[in-house]
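Trainee: Below you will find the structure I want to go over with you.
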Amino acid sequence: VYGICASNPTRRSGYFYTRILSDPNTIWKVRTVNAHEAKFVTKESNDRIIRLYGKEHDFYRVKILGLPPITDSTSLLSDEQIAAAHERDYISDKNAALVISCDPARYGNDDSVLFARRGWRFIDRMSVHGMSTDKAAELCGEMCETHRRPDSDEKVTLVIDTIGIGAGVEDHARYLIRKQKLKIDVLGVNVSESPTDEAEERFLNKRAQMFWNLRTTFSNVVLPFETPLLDEELSTLRYMWTRNDKKIMILSKDELKSLLS
């Protein structure tokens, strides 16, 4: 009796991987399909993946070589990377720009969260439950002024997630800044928008592009204080590819909540 078990080995878990690919005593005879040798896969398609990801990336191993990933490639960040951010030493840079970020949530189960950082080093965090858009904007301005260098006219950047009520927070923040003549640049970010032009063929949306940028630069991040909820969320985040395997996408907020609940 013969049987055939076929799969695209996208992860290092499950029956196909543990019983067939990684078991030295497997009864199966393993054959892989290399896309470079496949009749119906174009050279242009293979070259595109190499150009975007390189031959060292797990995406190339899985989609071109037919091999399982070296790591659990769907994890955006590992627990070790997150722990290292809390332990990393940082040499203070007096010229590093001050950036305040705000993810607003009005009412319900979510909190509005604000972070302040200079360069790669985070210096403050605030989380407030149940807050109006006007109050969120006021807190943004207060955090900007709290961490601005004394006796300095340095310009601060305020970044606001504008999806949902965030648009109202951005509008009121701009109003307060004009009224008080503060030196604050406001940047509204809608993560559902298209990625930047140079990244459009690689990412599904701006959210995927931004999280991927975080993944590639996280070795610089310094988190000198405890952030247990953020750590849990970052370690739970997953990335995947769209059905046609052409663009990176990130686990949605609702999917993340279901994993954390």
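Trainee: Look through region 82-111, keep the residues that are touching a strand residue (DSSP E or B) at 6+ places or on another chain (Cβ under 8 Å) and not in a loop (DSSP other than H, G, I, E, B), and return whichever of them is farthest from Leu214 (Cα to Cα).
Mentor: Once the filter is applied, the top-ranked residue is Asp111.
Trainee: Look through region 200-252, keep the residues that are modelled with pLDDT of 90 or more and small (Gly, Ala, Ser), and return whichever of them is nearest to the chain's Cα centre (by Cα).
Mentor: Taking the candidates together, the pick is Ala208.
Trainee: So, of the residues in region 102-131 that are in contact with a helix residue (DSSP H, G or I) (Cβ under 9 Å, 6 or more places away or on another chain) and hydroxyl-bearing (Ser, Thr, Tyr), which turns out to be nearest to Glu170 (Cα to Cα)?
Mentor: In this case the residue turns out to be Ser112.
Trainee: Would you check which residues across region 89-111 are among the charged types (D, E, K, R) and either open to solvent by less than 50 Å² (accessible area, probe 1.4 Å) or closer than 16 Å to Leu230 by Cα (or both) and list them?
Mentor: Asp103, Asp110, Asp111, listed by residue number.
Trainee: If you don't mind, there's one more thing I want to ask. Among the residues of region 1-50, which ones are in a helix (DSSP H, G or I), of a type in the set (A, V, I, L, M, F, W, C) and in contact with a helix residue (DSSP H, G or I) (Cβ under 9 Å, 6 or more places away or on another chain)?
Mentor: Narrowing region 1-50 to residues in a helix (DSSP H, G or I): 15-21, 43-50.
Now narrow it down to the ones that are of a type in the set (A, V, I, L, M, F, W, C): 16, 20-21, 49-50.
Correct list: Ile49, Ile50.
Trainee: For region 187-239, how many residues meet the condition of being over 24 Å from Ala85 (Cα atoms) and among the aliphatic types (A, V, I, L, M)?
Mentor: Within region 187-239, residues that are over 24 Å from Ala85 (Cα atoms) and among the aliphatic types (A, V, I, L, M) number 5.
Trainee: Now for a different question. Only one of these is under 26 Å from Phe203 (Cα atoms) and within 18 Å of the chain's Cα centre (by Cα): Leu76, Leu65. Name it. Talk me through it step by step, then tell me what you get.
Mentor: Working: Leu65 fails: within 18 Å of the chain's Cα centre (by Cα).
Answer to the check: Leu76.
Trainee: Follow-up question, since we're still on this one. Return the residue satisfying two criteria in turn: it lies in region 72-88 and is surrounded by fewer than 16 Cβ atoms within 10 Å (Cβ to Cβ) and out of contact with any Pro (no Cβ under 8 Å at 6 or more places or on another chain), and of such residues it is modelled with the lowest pLDDT.
Mentor: By that ranking, first place goes to Asp72.
Trainee: Quick check: anything in region 51-62 open to solvent by 40 Å² or more (accessible area, probe 1.4 Å) and part of a helix (DSSP H, G or I)?
Mentor: Within region 51-62, one or more residues are open to solvent by 40 Å² or more (accessible area, probe 1.4 Å) and part of a helix (DSSP H, G or I).
Trainee: Being surrounded by 17 or more Cβ atoms within 10 Å (Cβ to Cβ) and closer than 30 Å to Ser75 by Cβ narrows it down to one of Leu187, Leu114, so name that one.
Mentor: Criteria check complete, one pass: Leu114.
The values are calculated or read from the model by the stated rules, or taken from the named source; none is laboratory data. Remember, it's a predicted structure, so these values are computed and weren't measured experimentally. Methodologically, a virtual Cβ is constructed for each residue, glycine included, from the backbone with ideal geometry; neighbour enumeration extends over all protein chains shown. Note: areas computed on protein heavy atoms with side chains; ligands, DNA, RNA excluded. Shrake-Rupley method; radii C 1.70, N 1.55, O 1.52, S 1.80 Å.
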